[in-house]
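To start, the structure itself, in structure tokens.
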Amino acid sequence: MTMIEARNLTHAYRVEDREVTILRDVSLSVAAGEFVVIEGNSGSGKTTLLTLLSGLDRPSSGRVFIRGREITHLDEDEMAPFRNRAFGFVFQSFHLVPSLNALENVMFPAELAGSDQPRQSAEALLRRVGLLPRQHHFPHQLSGGEKQRVAICRALVNRPEILFADEPTGNLDAKNSGAILDLLLDLRKERGATLVLVTHSAEIARKADRRLLLRDGVLDGGGAP
Amino acid sequence: MIHPRFLLRQLMSGGHQAAVFVLCVTLSIIAVAAVNGFSERLDRSLLQDARALHAADIIVRSYFPLSPPLLDAIRELEDQGRIQSTAVHEFYSVVRSGHGDDSLLADLKIVGPAYPFYGEVVLRSGRPFSRVLAAGGIVVAQALLERLQLRVGDALRVGSATLVIRDVVLKEPDRPVSFLSFGPRIFVSEADLPALDLLKKGSRVRYIRLLKAAEGENLDALTAALETAAVDGQERIETFRTARSRIRRFFDNFTFFLSLIAIFILLLSGLGIRSTLAAYLKDKEETIAVLKALGATRRFVVLNYLSVVAAFGLCGTLIGLLLGGLMQQGLFHLFGDLLPRGGGGAALSPATIVQGLILGALTVVLFAFLPIHRLRDVRPNRIFRKGGAPARKGPAFYATLILIVLFFTGMILFELRDFDMGLKFLGGTLALILLSALMTQGLLLALKRLSRGPLALRQAVRGLFRSGNATRSTIITLSASLSLIFTIFLVEQNLDAAFIRSFPADAPNLFFIDIQPDQVEAFSETIGRQPRFYPVIRSRLLAVNGEKIDREQERRRRGDNLARPFNLTYRDHLLPDESLVDGEAMFDKDAAGLQVSVLDTVVEMRAMAIGDRLKFRIQGVPVEATVSSIRTRARETIEPYFYFVFPAGSILKEAPQTIFTAVRVDEGEVAALQNRVSTRFPNISAIDVSQTISTFAALLHRLSLIVRLFTLQSIAAGLLIIVSAIFATRIARTQEAAYFRILGARSRFILAVFSLENVLIGAASALEALLISQAAGWIIAVRVLDITYHPYLPESGLLLLGNVLLVLAVGSAATLPILRQKPVVFLREQTEE
């Protein structure tokens, strides 16, 4: 079953009088449960593609479908249920809410979704990643690796069908990078989620079911499974 | 050291934060400039025409017929050609229309042909006053014609005489306003005075003699000559320069009160200045870190940013002066009908402008010192990490705090010129701010522990503690301002309830004064009842325990004073609303000599105890009495009361006296009764108390409205802090909004979080203000005014709601642009960084 489908995505923006095209006619599809890596050099348009696939941004042209439903023209509020229940996000800069502690950060999406037991779910995940003892720590009291583990827990707390990860190990040292990636992959496997991961690390890319290479906004070799 | 291009760039890129900072400085200046400008302009307008405002060079005043030695002295000066004089008598009397159906209490002024020496009485016909006012005729105020439905040419019964209305007075020189009067003005010619038959012994008459000095005469020398002949403490001699008119006294008190509020606003705006500047400079920390990384010294940074702040401060001060000038115009406009003339010049005087500039500079320097001082601690490594450790409160912090307290003490003493009052005000203001701070701290601690409730509420609570949010400053500033406004409102409402709205059903509403002792029986017959009669003997207090009353000092007091004439009475019993607070009985039967029972209100003016010796002047005769007891009374009544009561059998019984009584009459019967009494006893005046109280209440409400409008400015300071805090935390707020969206929150949720944050700030400040103002209102009502206190809970609830809505509206207006931002824009910016 196709989980994500992108048709002829083009994305451009204007700088003064000049139009800069970041993505050019990108089409791809991702099957349910698949782990796809989007590779490319800096400025190749990887993150932009991820934001378009996840509905964080709208393409200049082209269409995006999630489980067959088009999300291209959904507004922010129409996207909210997707982001809350169907998607999970992991970012390079972690993006934890600074005013919430680790437990609250993980609980937050579950509470938004109206879950019965947000605390139990969050605690279980934190225990799984070994951070239960630090559940009351605020982001500024955590190390980079710890922050990313909290972010992964947060991304998974509502058992999403798709995980979007943007350079999840980009801000971590080698030791932490390996541990985080393993954790992410294990958890994805446990929950059977689809994973779309952006990276420029060949090592990480090798672990993927499929690799998509972006060169100057163009998908190299097509995006079909 | 100053880098002009850098400076210019900083000034040009000031942005929202700089605008809010400028507004805070503006706010701190407006009120003080407006009040100072208003007082000064009032001074100018009252002094410019001071001679005309008093209609004479020298004014002699007494509540008794002028003493023979003084009259001799005046005559002698007249004979020498050094002065001219004219007598004026002022008193109230009930007048009736010619057909005798309607009556009215009027303010009579009996003048001679030479009146006025300066200024002019403007008549509606435009004819000269001296030609119109002649024997048999009167000139009246328009209000009298309207209330008695009369026209020029109709007859009016004044005392025992029937006089013809010749014209309508539009303006008189020595009575620029009419709001301190019980009734409309009537000018009567001196020639008709005997025919009125109104001047009885002990009547309440103001005996005035206006003097015009001959060319080249020294007024002080003339005054000194007359003073030697005058009865001390009874006859006042003043020149037009020294005389304080009632209007002057009223405005002195009012501007004094406005000054208090202006300083209060200045203080709260100062907190706003500190808060907004800290937020502005926080925005600049990264630039400063870069400058330092490039080798800029602390001195360079501080000096350049000090110049930026000075430029913004000057800008705010100038706008403040401009708006202060406009507000001053507004005050003049609001009081237009109460003021004599337009006053010289509309704009602020150079003195007020210079004062404003100095004040602006001092305020900015003091409140900006700490945020600028902290720039020294910004380190180059700030480039590499977001946020920074909160600044420590070092010696600079405490030194600044002390300087701010000293500055305000000096400012208060300078503005109020009243040391005791200044210190009380300073103490009160600091206590208010401290109390607000403590309550805010408690409330925030309680909120911090909140772990249950809806998600949006919990997020909003978390938002309150966002770094740079200035939640504490905002709540303190708002609650202190609101406390003042609520307290004024509650006291006003309670006064209203006690004396105006619920005028007690059995309280007397018609006072009769100047009843002659031999008229008592016939008077009772006329009104058809036997009320309690109070003998009244006019007197002055000369000394307490041999120490002379310092009249000048007493007159400077803002409340009641011992220099004014007092009405004495005699009786051996307490009135139903009286009780003793000191002494076994009103009078000690075994004690020798004359005794006097004193009301506790007098003791509040000057400490007195049983056994103290008081010296009075009663109808020119010095009388000494010993304090035998101290009484108090339930003040929430409108029963007549006397400060000094002598024993029934004392020598006072023999003194010239009038009788006073107060009765309760149905409203519909008041006019008829007034009419009956004035027909039979022209010398007796009837005062409709409920109507008089309503007139004063209207004035009180007007003043209170002005005060409230004025105080609203201090709320603006609180609102500016909110706006500044929102600007200061916009990155954090944008970040939160972006995260909420990425995690699946709808706009409604995000809006709810930010709105609830503002609701919490609004509700916390209003709640604190309500608690403080209810306590203050209770203390003022029960302890000071001795009236029953009503908390006005529905109105208080409305005030709370109003404040919440206000904060919500201002906060939302500043937050909405943040909500509109797409999360991807924020993520992109973060990635770019």
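Summary table below
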item: Computed E for B:Leu699/B:Ala293 - FRET, C-beta separation, R0 56 angstrom, nearest 0.05; result: 0.30
item: Selection from B:Ala732, B:His573, B:Leu816 lying farthest towards where the dipole of chain B points positive, charges on Cβ; result: B:Ala732
item: Carbon plus sulfur fraction of accessible area for chain B, probe 1.4 Å, in percent; result: 59
item: Chain lengthening between B:Val405 and B:Ser67 when straightened (0.36 nm per residue, less Cα-Cα); result: 116.3 nm
item: B:Leu170-B:Gln619 FRET efficiency (beta carbon distance; Förster radius 45 Å; 0.05 resolution); result: 0.70
item: Cα long-axis angle, helix A:144-156 against chain A (0 to 90 degrees, to the nearest 10); result: 80
item: Gyration tensor (alpha-carbon) shape descriptor, segment B:58-239, a/c threshold 1.5; result: prolate
item: With DNA, RNA and ligands ignored, accessible area of B:Met608 (1.4 Å probe; Å², nearest 10); result: 20
item: Segment B:578-619: trypsin sites (Lys or Arg not before Pro) in DSSP loop, at most 13 other beta carbons within 10 Å; result: B:Lys589
item: Angle between chain A longest axis and helix A:118-128 axis [Cα atoms, degrees, rounded to 10]; result: 90
item: Shape of segment A:78-209, Cα gyration tensor, a/c cut at 1.5; result: oblate
item: Proximal lysine pairs, segment B:58-239, alpha carbons under 28 Å, eight or more residues apart or interchain; result: 5
item: Between segment B:263-294 and segment B:579-622, the alpha-carbon center distance in angstrom; result: 62
item: Efficiency of FRET from Cβ geometry, B:Phe465 and A:Ser29, R₀ 45 Å, rounded to 0.05; result: 0.50
item: Between A and B, accessible area buried - total, square angstrom, nearest 100, 1.4 angstrom probe; result: 2300
item: For segment B:729-815, alpha-carbon Rg relative to the globular expectation (2.2 N^0.38 Å, N residues); result: 1.55
item: All aspartates and glutamates inside 13 Å of A:Lys189 as judged from Cα atoms, apart from same-chain residues fewer than 8 positions distant; result: A:Glu34, A:Glu161, A:Asp209
item: Heavy-atom surface of segment A:77-124, accessible at 1.4 Å and reported per residue (Å²); result: 32
item: Helix B:15-48 axis, angle to chain B major axis (alpha carbon atoms, nearest 10°); result: 20
item: Nearest-20 debye value, chain B charge dipole, Cβ charges on Lys, Arg, Asp, Glu; result: 4720
item: Peptide-level mean, for A:47-58, of C-beta atoms on other protein chains within 10 Å; result: 3
item: Accessible area in square angstrom per residue, chain B, 1.4 angstrom probe; result: 43
item: Rounded percent of accessible protein surface that carbon and sulfur make up, chain A, 1.4 Å probe; result: 44
item: Whole-number D in µm²/s for chain A (Stokes-Einstein; Kirkwood sum over Cα pairs; 20 °C, 1.002 mPa s); result: 120
item: Shielded residues, segment B:748-790 - accessible-area loss of 10 Å² or more between chain alone and all protein chains, probe 1.4 Å; result: B:Phe749
item: Hits among lysines - C-alpha to C-alpha of B:Lys292 under 26 Å, sequence gap 8 or more where chains match; result: B:Lys282, B:Lys284, B:Lys386, B:Lys393
item: Average beta carbon contacts from partner chains per residue of A:92-105, 10 Å cutoff; result: 4
item: Whether chain B is rounded, prolate or oblate, judged on the alpha carbon gyration tensor where a/c under 1.5 counts as rounded; result: prolate
item: Cα-based convex hull, segment A:22-120, per residue volume (Å³, whole number); result: 143
item: Inter-label distance, nm, simple model (7 Å from Cα along the C-beta direction), B:Gln84/B:Asp588; result: 5.9
item: Positive-end extreme of charge dipole, chain B - chosen from B:Gly325, B:Ala225, B:Gly593 (charges on Cβ); result: B:Gly325
item: Computed over chain A: relative contact order in percent, which uses C-alpha pairs under 8 Å that are six or more apart; result: 31
item: Alpha carbon convex hull of the protein assembly as shown, projected area averaged over orientations, nm²; result: 55.4
item: Alpha carbon centroid spacing (whole Å) that separates segment B:707-759 from segment B:90-113; result: 64
item: Inter-label distance, nm, simple model (7 Å from Cα along the C-beta direction), B:Val520/B:Glu227; result: 4.2
item: Farthest toward positive dipole pole in chain B [+1 Lys/Arg, -1 Asp/Glu at C-beta], among B:Ile722, B:Thr26, B:Gly802; result: B:Ile722
item: B:Gln530 paired with B:Leu314, simple spin-label distance in nm, labels 7 Å along Cα-to-beta-carbon; result: 8.3
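The values are calculated or read from the model by the stated rules, or taken from the named source; none is laboratory data. Just so we're clear, the structure is a prediction, and the values are computed from it rather than from any experiment. Here the Cβ is made from the backbone with ideal geometry for all residues, glycine too, and neighbour counts use every protein chain on show. These area figures cover heavy atoms from the full protein model, side chains too; ligands, DNA and RNA do not enter into them. Shrake-Rupley method; radii C 1.70, N 1.55, O 1.52, S 1.80 Å.
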